[in-house]
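Working notes, structure below.
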Amino acid sequence: YDDGPSVNTDKLLNVLNKYGVKVTFFVISNPKYESAYTRILNEGHTLAMHTYTHTYEHVYGSLDNFISEVEDLRTYLKDVTGVTPFIFRFPGGSSNSVTKLPITTFIKYLDKTNTVYYDWNVSSGDGSSKVLTVDEVYNNVISGIEKNDVSVVLLHDSEYKETTLEATPKILEKLIEMD
């Protein structure tokens, strides 16, 4: 789940706990929901970085900006949780068209700092500005998973992604059924 924590994080964690499922949260800095970072870790999920601000123009404006975004978030999360994260997801993915610098510039920095980055191969489609229905989120995830031997699914934890939260139990039930 990208972009959290949000007003929905606690609800999402409750759903995940109900089904005994562990996920990775690629988070940004959000002091308003600071307790969520610790809860994510305490409940066995992975706390990973998604940049401090998630402001594309700043993040990808220069290598110095990118380094600042990663290291400011890493320090913030260490200060809040006591854990130093080493997993990262590029806002927009590593093949985004926003950056003017080659993405390899940023990847070399991540490699130098032993930070592992992950992309996705299944998108729920909830990252678009269009509000998807619960069924659209569900169908995007399940149809994507059915096409892969191993799936890394992109979902969003945001106050504006209520249908993603609502689709999560339905998705989990289907995945459990699919074993």
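The values are calculated or read from the model by the stated rules, or taken from the named source; none is laboratory data. In this text, all values refer to a predicted model and were calculated from it rather than measured experimentally. Here the Cβ is made from the backbone with ideal geometry for all residues, glycine too, and neighbour counts use every protein chain on show. Note: accessible area is taken over every heavy atom of the protein model, side chains too, but ligands, DNA and RNA are not part of it. Shrake-Rupley method; radii C 1.70, N 1.55, O 1.52, S 1.80 Å.
Can you give me the accessible area per residue for the chain, using a 1.4 Å probe, in Å²?
Working: 9050 Å² over 179 residues.
Dividing the accessible area of the chain by its residue count gives 51 Å².
With the radius of gyration and the Kirkwood radius both derived from the Cα set of the chain, what is their ratio Rg to Rh? Present the calculation step by step, with values, prior to reporting the outcome.
Working: Rg = 16.0 Å, Rh = 16.7 Å.
Result for the chain is an Rg/Rh of 0.95.
What is the local net charge at ARG89, summed over the other residues whose Cβ is closer than 11 Å to its Cβ (Lys, Arg +1; Asp, Glu -1)? Let's see the in-between values first.
Details: positive: none; negative: ASP2, ASP3, ASP119.
Surrounding charge for ARG89 is -3.
Summarise the accessible area of the stretch 52-107 (1.4 Å probe, protein heavy atoms) by the percent that is carbon and sulfur.
Roughly 56 percent, rounded to a whole number.
By how many degrees, between 0 and 90 and to the nearest 10, does the Cα long axis of helix 103-112 differ from the longest principal axis of the chain?
Its long axis makes an angle of about 80 degrees.
Reachable aspartates and glutamates from LYS108, Cα under 19 Å, same-chain residues fewer than 8 places away excluded?
ASP64, GLU69, GLU71, ASP72, ASP119
Taking the Cα atoms only, what angle lies between the long axis of helix 63-81 and the longest principal axis of the chain, rounded to 10 degrees?
Between helix and principal axis, roughly 60 degrees.
Determine how many Å³ per residue the convex hull of the Cα atoms of the stretch 94-144 encloses. Mind dumping the intermediate values first?
Numbers: hull volume 4.9 nm³, N = 51.
Per residue, the Cα convex hull of the stretch 94-144 comes to 97 Å³.
Compute the orientation-averaged projected area for the stretch 70-158 from the convex hull of its Cα atoms and round it to one decimal in nm².
For the stretch 70-158, averaging the hull's shadow over all directions gives 7.6 nm².
Would you mind working out the magnitude of the charge dipole of the chain relative to its Cα centre, with +1 at each Lys and Arg C-beta and -1 at each Asp and Glu C-beta, to the nearest 20 Debye?
Details: 16 positive and 25 negative charges, 56 e Å.
In total the dipole reaches around 260 debye.
Quick one: which of 40-52, 129-141 comes out on top by average Cβ neighbours within 10 Å, and what's the full order, highest first?
Numbers: 40-52: 19.5, 129-141: 15.9.
Listed from highest to lowest mean packing, they are 40-52, 129-141.
Where the convex hull is taken over the Cα atoms of the stretch 1-73, what is its projected area averaged over directions, in nm²?
Details: hull surface 18.7 nm².
With the hull built on Cα positions only, its mean projection is 4.7 nm².
What is the local net charge at ASN30, summed over the other residues whose Cβ is closer than 12 Å to its Cβ (Lys, Arg +1; Asp, Glu -1)?
Working: positive: LYS32; negative: ASP3, GLU34, ASP157, GLU159.
Every neighbour counted, the sum reads -3.
Helix 134-146 against the longest principal axis of the chain: what's the angle in degrees, Cα atoms only, rounded to the nearest 10?
Once rounded, the angle reads 80 degrees.
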